[in-house]
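Student: One structure, as structure tokens, below. Some questions next.
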Amino acid sequence: MVKYTEVMIRYGELSTKGKNRKDFIGRLAGNVTRVLNDFPEIEIHPRHDRMHIVLNDAPFEEIDKRLKKVFGIQTYSPAIKVPKTLEDIEKTSLELMQATFKDGMTFKVNTKRSDHQFEYDTNQINNMVGDYLFDRMDNLKAEMKHPDLVLRIEVRQDAVYISNQLLHGIGGMPVGTAGKAVMMLSGGIDSPVASYLAMKRGVEIEMVHFFSPPYTTEKALAKAKELTGILANFCGKINFIAVPFAEIQETIKEKIPEGYLMTVQRRFMLQLADRIREQRGGLAIFNGESVGQVASQTLESMVAINDVTTTPVIRPVATMDKTEIIERAEEIGTFDLSIQPFEDCCTIFAPPRPKTKPKLDKAREYEDRLDAEGLIERAMAGINITPIYPNQTFLDDKAQEDADLL
């Protein structure tokens, strides 16, 4: 087993950020710190060209699982730090190759030297280390263009760093570098995928979830929180804002024509999301709408619903079909939980024949029949905010078993 001393992280897209680069790197360092907060022994050193995570005996295998999900990381490598002597470079290179090289592989040595005062140049190091390995290992085969394994030797001012793995992160921008927004999170498949895509572009999101007891159960609320826990893997923490919605739904069902129930309900949801956004310092509202997927997601419906706000409403999955959304949900780990059949407030009171082309003037007219401000104020007074951390669970095993049987 190779004992790596640290991990070198390369920034990728951050290299294009010019004068803002320092702020982006600082945000990435903060996100990495949160994701690795249960490894107190590690040290994180963000630098201009890359970030170093000193492991101090922390297990790389566990660190690796977390880093794969941090936005803003292009590539990273587990490395061994050694003194700047040829003997140490050769000895460690041999140990690393013996631990990772398999028969039939090809390899090459690739040296970079930022310390130009070091006594050997890159070609000399490549040749000497290559000869040293050939003398001590069988079945080695060099390949300069497309090797299976690249032994990377970096001669820097403080030490030499040796690695032979180039692991890929998920790219994107560090969460928080593109500002803050609220996400309208249901318990379905689409909004978690939209959340993931928002975070990938650097948006810090807070979840807004509408629940309607006694029509929706505690299990439905727990499911939405647990989805948030899966998504928190990509940023370290997400605030979950639960909004009571039963009174509004009951009032709409009692006083609004059936065909416009969904339209007026969505108008209230958007107004509440906008109030919360303003209260929390957000800049936009995100949701999981996909054009034409259901009655409330036709363009005509979007016009009638969006009428209640001038805040940007961003729909990351708007042009994706259901198959594409499902594939992404499976990839990020939310699909199996999303399909658990705990009813949310979007499905209760759903009319059998909702308007697919609602008229804006009609939607306004019907909403004016209600005490909209009073309903919104009472819902706002009842919100509850919960910070949720990676993989935090809220559904007990019995709830999962019940869902599997349905």
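Student: Counting DSSP beta bridges in the stretch 180-405, what percent are antiparallel, to the nearest 5?
Tutor: Bridges in the stretch 180-405 that DSSP calls antiparallel: roughly 25 percent.
Student: Over the stretch 20-174, what relative contact order in percent results from Cα pairs under 8 Å that are six or more residues apart?
Tutor: The normalised contact order for the stretch 20-174 reaches 31 percent.
Student: Calculate what fraction, in whole %, of the accessible area of the chain sits on carbon and sulfur atoms when a 1.4 Å probe is rolled over the protein chains.
Tutor: The nonpolar share, carbon plus sulfur, comes to 48 percent.
Student: Sticking with this structure for a sec: Around Val182, with a cut-off of 9 angstrom between Cβ atoms, what is the net charge of the other residues, counting Lys and Arg +1 and Asp and Glu -1?
Tutor: Computed value for this residue: +1.
Student: A further question follows. Suppose a student asked you for the relative contact order of the chain, using Cα pairs under 8 Å spaced at least 6 residues apart; what percent would you report?
Tutor: Relative contact order comes out at 17 percent.
Student: Using heavy-atom solvent-accessible surface (probe 1.4 Å) with all chains present, what is the largest-first order of Lys180, Lys359?
Tutor: From most exposed to least exposed: Lys359, Lys180.
Student: Taking H placed 1.01 Å from N in the peptide plane, check which residues at least 5 places from Met183 or on another chain put their amide H under 5 Å from its amide H.
Tutor: Glu206, Met207, Val208, Phe286
Student: If you work out Rg/Rh (Cα atoms, Kirkwood Rh) from the coordinates, which of (i) 1.05; (ii) 0.97; (iii) 1.11 do you get?
Tutor: Checking each listed value against the structure points to (iii).
Student: Another question, if that's okay. Rolling a 1.4 angstrom probe over the protein heavy atoms, how many square angstrom per residue are accessible across the chain?
Tutor: Per residue, the chain has an accessible area of 47 Å².
Student: Moving on. From the backbone phi of the stretch 47-54, what are the Karplus-calculated ³J(HN,Hα) couplings (6.51 cos²θ - 1.76 cosθ + 1.60, θ = phi - 60°) in whole Hz, Gly and Pro given as x?
Tutor: Rounded to whole hertz, the list is 10, 4, 9, 6, 10, 10, 10, 7.
Student: In addition: In the chain, what percentage of the DSSP-assigned beta bridges are antiparallel, given to the nearest 5?
Tutor: Of all bridge pairs located within the chain, approximately 55 percent are antiparallel.
Student: Where does the charge balance sit around Gln392 when Lys and Arg score +1, Asp and Glu -1, over other residues with C-beta under 12 Å from its C-beta?
Tutor: +1
Student: May I ask you to evaluate 6.51 cos²θ - 1.76 cosθ + 1.60, the Karplus curve with θ = phi - 60°, for each residue of the stretch 20-28 and list the ³J(HN,Hα) values in order in whole Hz, giving x for glycine and proline?
Tutor: 8, 4, 4, 5, 5, 5, x, 5, 4
Student: For the stretch 103-150, what does the relative contact order come out to in percent, with C-alpha contacts under 8 Å and a separation of six or more?
Tutor: Value for the stretch 103-150: 64 percent.
Student: Let me check something: with ligands and nucleic acids excluded, how do Thr334, Thr319, Thr251, Thr356 order by accessible area (1.4 Å probe), largest to smallest?
Tutor: Ranking Thr334, Thr319, Thr251, Thr356 by accessible area, largest first, yields Thr319, Thr356, Thr251, Thr334.
Student: Can you list the residues, at least 5 places off or on another chain, whose amide H is less than 5 Å from the amide H of Ile388, using H built in the peptide plane?
Tutor: Ile238, Asn239, Phe240
Student: If you don't mind, there's one more thing I want to ask. May I ask you to evaluate 6.51 cos²θ - 1.76 cosθ + 1.60, the Karplus curve with θ = phi - 60°, for each residue of the stretch 370-375 and list the ³J(HN,Hα) values in order in whole Hz, giving x for glycine and proline?
Tutor: Running phi through 6.51 cos²θ - 1.76 cosθ + 1.60 with θ = phi - 60° gives 9, 7, 4, 5, x, 4 Hz.
Student: Using helices alone, what [θ] at 222 nm do you get for the chain, with -39,500 (n - 2.57) per DSSP H run of 4 or more residues, divided over all residues and rounded to the nearest 500?
Tutor: Roughly -12000 deg cm²/dmol at 222 nm, from the helical runs in the chain.
Student: Calculate the FRET efficiency for Glu247 and Lys357 from the Cβ-Cβ distance with a Förster distance of 30 Å, rounded to the nearest 0.05.
Tutor: Plugging the Cβ-Cβ distance into 1/(1 + (r/R0)^6) gives 0.60.
Student: If one puts a single equal scatterer on every Cα of the stretch 87-158 and applies the Debye formula without solvent, what log₁₀ I(q)/I(0) results at q = 0.14, 0.23, 0.24 Å⁻¹?
Tutor: Values, matching the q order: -0.41, -1.05, -1.13.
Student: Under 12 Å from the Cβ of Glu300, count the other residues' Cβ atoms, weight Lys and Arg +1, Asp and Glu -1, and hand me the total.
Tutor: +3
Student: Sticking with this one: Just how much of Asp368 is accessible, in Å², when a 1.4 Å probe is used and the result is rounded to the nearest 10?
Tutor: Per-residue accessible area (Asp368): approximately 120 Å².
The values are calculated or read from the model by the stated rules, or taken from the named source; none is laboratory data. Remember, it's a predicted structure, so these values are computed and weren't measured experimentally. Cβ coordinates were reconstructed from backbone atoms using ideal geometry, including for glycine residues, and neighbour counts include every protein chain displayed. The area values use the complete protein model at the heavy-atom level, side chains included, leaving out ligands, DNA and RNA. Shrake-Rupley method; radii C 1.70, N 1.55, O 1.52, S 1.80 Å.
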